[in-house]
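Contents: one structure, followed by commentary.
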Amino acid sequence: MNEVAARQDADNRTDVDVAVIGAGFAGLYALHKLRNDLGLSVQAFEQGSDIGGTWYWNQYPGARSDTEVTAYCYSFDRDLFDQWRWSQRYPRQPEILSYLAMFADRYDLRRSIAFDTTVLSATFNEQTSRWELQTDTGDRWTAQFLVEGVGLLSSTNLPAFPGQDRFAGEIYHTSRWPHHPVDFHGKRVGVIGTGSSGVQVITEVAPEASHLTVFQRTPQYIVPAQHGPLDPGLLARIDAHYDEYWRGVLDSITAFGFDESDVPAATASEEEREAVFERQWNSGGGFQFMFATFNDIGTSREANNAATAFIRRKISQIVSDPETAARLTPHDLYAKRPICCDGYYETFNRENVSLVDIKASPIVQFTERGIRTEDAEYDLDVVIFATGFDAVTGNYLKIDHRGRRGLRLRDKWSHRPRTHLGLMTAGFPNLFMIFGPMGPFTNQPPAHEAQVNWIADVVRSVRERGMNAIEPTQDAEDQWIQACDQIAYSTLFPETNSWINGANIPGKPITVMFYMAGMGSYMGQLRDAANGGYADFLFDKQPVGA
Ligand code: FAD
Ligand code: NAP
């Protein structure tokens with residue numbers, strides 16, 4: 001469809017139909033869908049200097065997906081799926097970034113993206129029913145619809161330890177990695193953090209560094225990924241049943257594209273459980289270990305205990321020094337975002353790797369020469385922060401959103417984020433959040449596509465009805481939050497602290513932030529909203545300029 005051109009208004013602002021924030025998987029697809037399919041005028045904004053989002057920022061050694069790549073890509077374009085040949089089951093960051101670059105070129109997206117541009121504020125003008133945007137480049141834009149793909153895991157968490165600026169060596173954060181190679185040969189490297197990013201960078205840097213010191217606060221359960229080339233048999237099976245494969249992805253709990261178990265651990269004998277866990281350990285994958293083995297690891301203590309006992313045994317078998325093994329062994333529930341990584345525990349058998357327990361002996365400060373904990377000092381040339389993200393809400397709250405009657409999003413969400421369907425929030429008309437808070441807890445690209453398709457239908461519907469704006473009713477939002485809470489509390493996830501419930505950021509409200517009933521159920525909710533004529537939403541026909 002031919003797209004509508006942007007216009008300049010009397011106040012020297014550029015008016016478009018849709019503003020998109022972010023040029024990762026989500027923002028790129030939104031730009032394509034709304035500009036190329038719906039023919040709207042669309043302007044996208046991206047803080048980084050290029051497309052890619054996560055895969056632009058996280059260029060640290062070892063960075064790769066842990067969704068098998070056949071489900072970590074766009075599905076809507078069958079030719080693209082057939083033409084692009086992935087080399088690996090879990091591709092490394094450069095390969096995913098190349099894929100997204102090819103996608104941007106295929107659909108001529110770059111010309112609609114303002115790079116090196118951060119959106120600072122977004123104000124809804126009730127007179128015009130338009131969003132007014134201010135960027136850090138001083139440009140001003142207005143848009144009827146605002147679609148934000150600002151990233152669930154994008155706002156960097158960089159703790160400030162005393163004395164950090166006195167450190168004479170190099171400091172990096174995994175999620176703001178420089179776009180040039182960093183040489184670790186002959187260097188004493190320290191890594192703070194042992195989540196998904198930490199375990200990848202630790203495993204990759206250990207063979208290069210002269211010495212690697214891992215500063216671990218909380219150990220996690222880590223199973224092998226079993227990296228390797230993409231199974232041509234799997235590709236052939238998907239090719240033969242393409243639509244069925246993607247329907248299956250969207251119908252599943254995790255949207256990861258593997259067969260999820262429908263067997264409760266309680267129905268299996270101890271020997272059977274052991275055999276199932278062993279098989280999964282050997283075929284790899286974190287979500288697979290949690291969801292393909294049994295169907296109740298995230299909901300039943302007994303099942304969870306069986307899984308954790310298995311992983312603990314593996315740690316003690318792999319790690320040769322019993323003290324190090326003990327420090328690497330978690331004792332909490334297996335109810336965080338699952339992690340997989342090849343060779344992680346084996347890394348601690350290397351002579352040049354040591355593990356420091358910073359829960360037992362916290363970091364006191366950085367010195368000119370390294371890091372001082374309560375009971376020792378470590379000389380370092382490089383410190384890598386793998387300390388994660390102000391996840392889910394971080395980037396939404398960095399933008400100063402003001403909705404109806406000047407309502408600030410920061411105030412509305414001061415106790416917890418509130419949305420309907422993880423996509424919209426009452427009082428902020430025409431604002432759509434891709435993977436916003438209270439959205440599904442799944443593999444992301446298929447969920448992005450589903451959400452953007454839903455958003456495009458809503459936009460179409462607003463325009464076809466001759467309306468100017470849409471927002472969820474307060475009642476619908478309240479019911480969604482209640483449902484999310486009920487579902488989450490029927491699982492074990494709220495019982496552990498991590499970025500999933502906000503506990504990783506000091507001072508952030510600790511609360512449910514996901515719809516944990518699975519992708520299939522979430523798709524049903526999206527369908528119901530559309531098929532019901534958006535009965536849970538208010539349409540507004542405020543005349544433009546009134
Ligand atoms: P992002 O890719 O985070 O893009 C958001 C973009 O918005 C960023 O580029 C940011 O600069 C921009 N932005 C934010 N605020 C503003 C603003 N105010 N103005 C302008 N621009 C702004 N998920 C999985 O499902 N499977 C995986 O295997 C997986 N692996 C991962 C590996 C790593 C190393 C990391 C860090 C995350 C991984 N994730 C994975 C999560 C990953 O973030 C998503 O899969 C996906 O890439 C998110 O895409 P997105 O477009 O929603 O957000
Ligand atoms: P994370 O899971 O939040 O881990 C952060 C680590 O830093 C934790 O070990 C945390 O310890 C530690 N930490 C945080 N603040 C600290 C402080 N002040 N002092 C000491 N230690 C501190 O972050 P992440 O590893 O970047 O991963 C976040 C998410 O991104 C993942 O769960 C996943 O969804 C995605 N991701 C995926 C992959 C992949 O394999 N595909 C790779 C990277 C990221 P505590 O646990 O004690 O808080």
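Below is a table of values for the structure above.
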item	result
Ordering of 47-54, 353-360 by packing [mean C-beta count within 10 Å, highest first]	47-54, 353-360
Surrounding net charge for Pro506, when Lys and Arg each add one and Asp and Glu each subtract one, Cβ distance under 14 Å	+1
Base-10 log of normalised Debye intensity for segment 140-273 (one unit scatterer per alpha-carbon) at q = 0.13, 0.14, 0.21 Å⁻¹	-0.97, -1.03, -1.33
Principal semi-axes in Å for the chain [√(5λ), Cα gyration tensor, largest first]	39, 28, 23
Theoretical FRET efficiency, 1/(1+(r/R0)^6), r = Cβ-Cβ of Val263 and Glu368, R0 60 Å, to 0.05	0.60
Fully extended contour minus Cα-Cα distance, from Ile510 to Ser210, at 0.36 nm per residue	104.0 nm
Folded to 0 to 90 degrees: helix 196-205 orientation relative to the chain principal axis, Cα	50
Alpha-carbon radius of gyration plus Dmax, which is the widest Cα pair, for segment 391-546 in Å	15.6, 51
11 Å reach of a label modelled at Asn125, 7 Å along Cα-to-Cβ, counting backbone N of segment 426-443	none
Pairwise centroid distance, computed over Cα atoms, of segment 463-501 with segment 213-269, Å	26
Distance histogram for segment 173-252 (every C-alpha pair counted, 5 angstrom bins, percent rounded to whole numbers)	3, 11, 15, 15, 12, 11, 10, 11, 8, 3, 0
Label point 7 Å beyond Cα of Asp116 along Cβ direction - residues of segment 137-168 with amide nitrogen under 20 Å	137-141
Crossing angle, helix 270-283 versus the chain [Cα axis fit, 0-90 degrees, rounded to tens]	70
Inverse of mean 1/r across different Cα pairs in segment 101-186, Kirkwood, Å	17.3
Inter-label distance, nm, simple model (7 Å from Cα along the C-beta direction), Asp379/Arg460	6.7
Cβ crowding within 10 Å averaged over residues, with 233-242, 32-41 ranked highest first	32-41, 233-242
Largest-first ellipsoid semi-axes for segment 326-403, taking √(5λ) over the Cα gyration tensor eigenvalues, angstrom	30, 21, 13
Reduced Cα scattering model of segment 477-543, Debye log10 I(q)/I(0), q = 0.13, 0.19, 0.26, 0.27 Å⁻¹	-0.51, -0.83, -1.14, -1.18
Radius 12 Å from Cβ of Leu212, net charge of other residues (Lys, Arg +1; Asp, Glu -1)	-1
Viscosity 0.692 mPa s, temperature 37 °C, Stokes-Einstein D of segment 37-159 from Kirkwood C-alpha radius, µm²/s	197
Local electrostatic count at Lys359 - Lys and Arg +1, Asp and Glu -1, tallied over other residues with Cβ under 13 Å	-2
Estimated 222 nm signal from helices in the chain, with DSSP H stretches of n ≥ 4 weighted -39500 (n - 2.57), rounded to 500	-9000 deg cm²/dmol
Stretchable slack from Ala5 to Ser87, in nm (0.36 nm times residue separation minus alpha-carbon distance)	25.6 nm
Computed over segment 1-81, Cα set: Rg, Dmax in Å	15.8, 50
Computed magnitude of the charge dipole of the chain (debye, nearest 20; Cβ of K, R +1, Cβ of D, E -1)	980
Cα centroid separation - segment 30-101 against segment 374-401, whole Å	25
Largest to smallest principal axis extent of the C-alpha atoms in segment 382-482, angstrom	59, 33, 26
Residues whose placed amide H lies under 5 Å from that of Val353, excluding near-sequence neighbours	Leu212
Å² of accessible area per residue within segment 22-102, as computed with a 1.4 Å probe and no ligands counted	27
Amide H partners (placed H, <5 Å) of Ser498, local residues excluded	Ala503, Asn504
Note, ³J(HN,Hα) from phi for segment 64-79, Karplus 6.51, -1.76, 1.60, rounded to Hz, x at Gly and Pro	7, 6, 10, 8, 4, 5, 4, 10, 10, 6, 7, 10, 5, 10, 5, 4
Set Lys187/Lys508; Lys33/Lys508; Lys359/Lys412; Lys359/Lys508 screened for pairs whose C-alpha atoms are more than 32 Å apart	Lys187/Lys508; Lys33/Lys508; Lys359/Lys412
With Cα atoms, 0 to 90° folded angle of helix 242-251 axis to the chain main axis	80
Using θ = phi - 60° and Karplus 6.51 cos²θ - 1.76 cosθ + 1.60, couplings along segment 46-59 (whole Hz; Gly, Pro as x)	9, 4, x, 8, 7, 6, x, x, 2, 7, 8, 7, 9, 9
For the chain, the longest site-free run once GluC sites (Glu not before Pro) in DSSP loop states with at most 11 other Cβ atoms within 10 Å are removed	1-350
In Hz, Karplus ³J(HN,Hα) per residue of segment 338-346 (6.51, -1.76, 1.60; θ = phi - 60°; x = Gly, Pro)	x, 10, 10, 6, 7, x, 5, 5, 4
Long-range HN-HN contacts of His420 with modeled amide H, under 5 Å	Thr425, Ala426
Calculated over segment 264-399: convex hull of Cα atoms, volume per residue (Å³)	161
Cβ-derived FRET efficiency at R0 35 Å, Asp231 paired with Ser316, nearest 0.05	0.65
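The values are calculated or read from the model by the stated rules, or taken from the named source; none is laboratory data. What you see is a predicted model, and the numbers here were worked out from it, not measured in a lab. So basically every Cβ, Gly included, is an ideal-geometry build from the backbone, and we count neighbours across all protein chains shown. Side chains included, ligands, DNA and RNA excluded: accessible areas come from the protein's heavy atoms. Shrake-Rupley method; radii C 1.70, N 1.55, O 1.52, S 1.80 Å.
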